[in-house]
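Accompanying notes for the structure given below.
The values are calculated or read from the model by the stated rules, or taken from the named source; none is laboratory data. Since the model is a prediction, treat every value here as computed from it, not as a measurement. Please note: Cβ atoms are built from the backbone with ideal geometry, for glycine as well, and neighbour counts cover all protein chains shown.
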Amino acid sequence: MIQLLLINKSENNAVEITSELRNEGLTLHPAIISSHKVFDKEIDRKNYDIILFTPNIKDLDIGTVLQRLKERQSDAAVIVIADKTPEETVFLLKQGVSSVIPEEPRELISLTLQKEYRALQGLRCEQVLSHQLEDSEKRCQQLIDSSRDAIAYVHEGMHILSNDPYFKIFGYESRDDIEAMPIMDLVASDDSAKLKEFLRRFSPGNKNKGTTGENNTLKVKGIKEDGTEFHMQMEFQPASMAGEECIQLIIRNDEIDLKAQQKLQKKLEVLNTQCQETGLFNRRYFLDQLEHSVEAAINDKQNTYLLLISLDNFADIRNKLGVINSDHVIADIAGLLKKLTDEKNISLARYETSRFTALINADNEQAIMQLAEDIRLTVDKHITEVKDKSIITTCSIGIVLIDSSCKGSQSCLNHAQNTCDKAAEQGGNQVQLYVPDASEMDDQQLLHYWANEIENAIKQKRLFLMFQPFVSLMGESSENYELYIRMRNDKGDIIYPRDFMPQAEASKHSVHIDRWIIAEAIRLIAETNKEGHHYRFVVKLSSASLTDEKFIAWVKHNLERFKVKGKSIIFQFQAGQAADHLRQMQKLTQQIHQLGCLLSFEHFTQDENAETLLEHVIVDFLKLDSELVKDISTNAERLENLNAVCTRANEMGIKTIVPFVEEAGSLSVIWQSGAHFIQGAFLQEPTTSLDFDFSSFS
């Protein structure tokens, strides 16, 4: 799913672009910014993939956008949509813009967005692989340095890297003495030909270079610095070092007793997996186990919980005690955690200086939360004595479920860190469970999430209405508004219908939203009637209300309860949905008109299906599709289509509403088309107030 941010003064235009991109088959999670005031907050809130920037917002230029993204280390690709000269385009690209494209043809937006998203995915993949390679090379270097065998890497016959046992076996005092030395100088002249043949066989340029399956050992006589000779066995393998192909060379050290070597190997294994200060597993071991847990969750459906435990005030403790003494506190807390988790088959590690991690294979969320709470309480009550000083601390714990839906170990770790940080920012000494953002969920999780979110929004009164007027071109004095639903999340941010209505319809919760809107509309009409207003509201309905057998009875009950006349409500369905449920639409139309209410179709276009729909359903209003309205003042073909639809509607006694009117220049052609009403930013953007002055258009 593409995380898309549209920066555009015209929300209608941004919605059109989003709709067209989705029609192209793109899966989007869009957000729209129409004011410079919310830009910083939005990019702080989420890491976007693509930013579509239309330079029409006052006080927000492309330079500011790029600077803010740079400050937040965002890798989002920025696409500027504007008609620019070649010189202006070059300037923008030098500033850091990914692409500059004109507004037309619109298909270019989709193609460019897909291209930039693929490039961004490639870049991110390269960064991950680069970090993994760097980490692997560091581990290899550590293993080489800890090995008692002599190991070196050779490129074009020259040493480029070696460990201590390698230069010592030849009697040199440091590795500087042997690196950059030809390997041929370390072998007796009698064996030079054999060594040269092996080097040739394993050289990077040889297409048939040696592999693990063939003989890769060579017995030769080595020459020490003092000129003495000794027998040695060399093992050759193709290798890579710092991106360069080379040869790995191992000389087995037979002078060490086998048992001693095995004992040493075990000791090294412990050192490689254990934190020496605490006795817990170390960061490297934890990261390996996290990888295994993620693989098990994805492949075997084996769930694991990740706990990140962070001491809240460790910076103050370190300032008070110093680095060495503060380590005693860490060791003491580590012992405390070990006692709490020893008998529970939990992999406990020291992740960072004052942070610990635990991996627990389990399915019981309640038990995990209880364990985390036990850890929190134990740390809170514990007193550590250091140098005659009593030290107390608390901890914040972030918990993440690693299941089949997880997106990799780094993603799980990021969620744990963010959740832990959030707990600390809210005062610390608390446990928080990570709840995934809607954009990170699969389809089933998304439906479940939005079902709960919608129910909670209704209960907690986080739904609210926006009102956009539409006015008559025929001199009518009616006060007409179309109603739009909005939701606030628990942080107070506005969520638009495009983000929750598809899930609401899929989970059958759109009926509840429809009824909430209708109830609010009827209540508002009843209240404003007392003030002398006679508002008429267009209420958009979902397809679920088409098949809701109790819908009409419920509407009738509310009209009678508030003593509101049916003609004050215009129920609006999408034309496409009505065509898909034609029989239900015919029945519902009759019932709506019996209540005295009116009916409207939106997104009405000029095609055979639309004409057929009007032959079967009696409708009072048609709200035209944006494709009929866009650029009508300059596009003769679209104007002709608009005129044809309005003429046909007038013949059938249907009133037409022309939406998305954004400038005065198109009013004259709309008026000549015979349309009855206009709506759009030219009049007023949707607001939370019923304050439009209709008298100025009467």
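For this structure, a couple of remarks:
This table checks each residue for (1) free of Cβ contacts under 8 Å to residues at least 12 places away in the same chain; (2) among the acidic types (Asp, Glu); (3) in contact with an Asp or Glu (Cβ under 7 Å, 6 or more places away or on another chain).
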{"site": "Asp44", "(1), (2), (3)": "no, yes, no"}
{"site": "Arg68", "(1), (2), (3)": "no, no, yes"}
{"site": "Thr89", "(1), (2), (3)": "yes, no, no"}
{"site": "Ile109", "(1), (2), (3)": "no, no, no"}
{"site": "Leu113", "(1), (2), (3)": "no, no, no"}
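- For region 659-674, the tally of residues that are farther than 17 Å from Ala636 by Cβ and surrounded by 20 or more Cβ atoms within 10 Å (Cβ to Cβ) stands at 3.
The rows are residues; the columns are (1) crowded, with 19+ Cβ neighbours inside 10 Å; (2) within 18 Å of Gln594 (Cα to Cα).
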residue	(1), (2)
Phe500	yes, no
Ile522	yes, yes
Arg536	no, yes
Trp554	no, yes
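- Subset of region 325-377 that is among the hydroxyl-bearing types (Ser, Thr, Tyr) and out of contact with any helix residue (DSSP H, G or I) (no Cβ under 6 Å at 6 or more places or on another chain) - its residue that is surrounded by the fewest Cβ atoms within 10 Å (Cβ to Cβ): Thr353
- Subset of region 9-26 that is closer than 26 Å to Lys70 by Cα and free of Cβ contacts under 8 Å to residues at least 60 places away in the same chain - its residue that is surrounded by the fewest Cβ atoms within 10 Å (Cβ to Cβ): Lys9
- Whichever residue in region 429-438 is in a loop (DSSP other than H, G, I, E, B) and modelled with pLDDT of 90 or more and, among such residues, is nearest to the chain's Cα centre (by Cα): Gln430
- Gly653 falls short on exactly one of the conditions (1) small (Gly, Ala, Ser); (2) in contact with an Asp or Glu (Cβ under 8 Å, 6 or more places away or on another chain); (3) surrounded by fewer than 14 Cβ atoms within 10 Å (Cβ to Cβ), and that condition is (2).
- Only residues that are among the acidic types (Asp, Glu), under 24 Å from Val645 (Cα atoms) and free of Cβ contacts under 8 Å to residues at least 40 places away in the same chain were counted across region 557-602, and they come to 1.
- Qualifying residue in region 471-480 (condition: modelled with pLDDT under 85 and over 30 Å from Thr656 (Cα atoms)): no
- In region 164-187, the residue that is modelled with the lowest pLDDT out of those that are in a loop (DSSP other than H, G, I, E, B) and surrounded by 13 or more Cβ atoms within 10 Å (Cβ to Cβ) is Glu179.
- Scanning region 660-698 for residues that are assigned to a loop (DSSP other than H, G, I, E, B) and of a type in the set (A, V, I, L, M, F, W, C), we see that the one that is nearest to Ala526 (Cα to Cα) is Leu690.
- Residue tally, condition surrounded by 15 or more Cβ atoms within 10 Å (Cβ to Cβ) and either free of Cβ contacts under 8 Å to residues at least 24 places away in the same chain or not hydrophobic (A, V, I, L, M, F, W, C) (or both), over region 47-60: 4
- Taken over region 525-554, the residue count meeting the criterion of being within 38 Å of the chain's Cα centre (by Cα) and among the acidic types (Asp, Glu) is 1.
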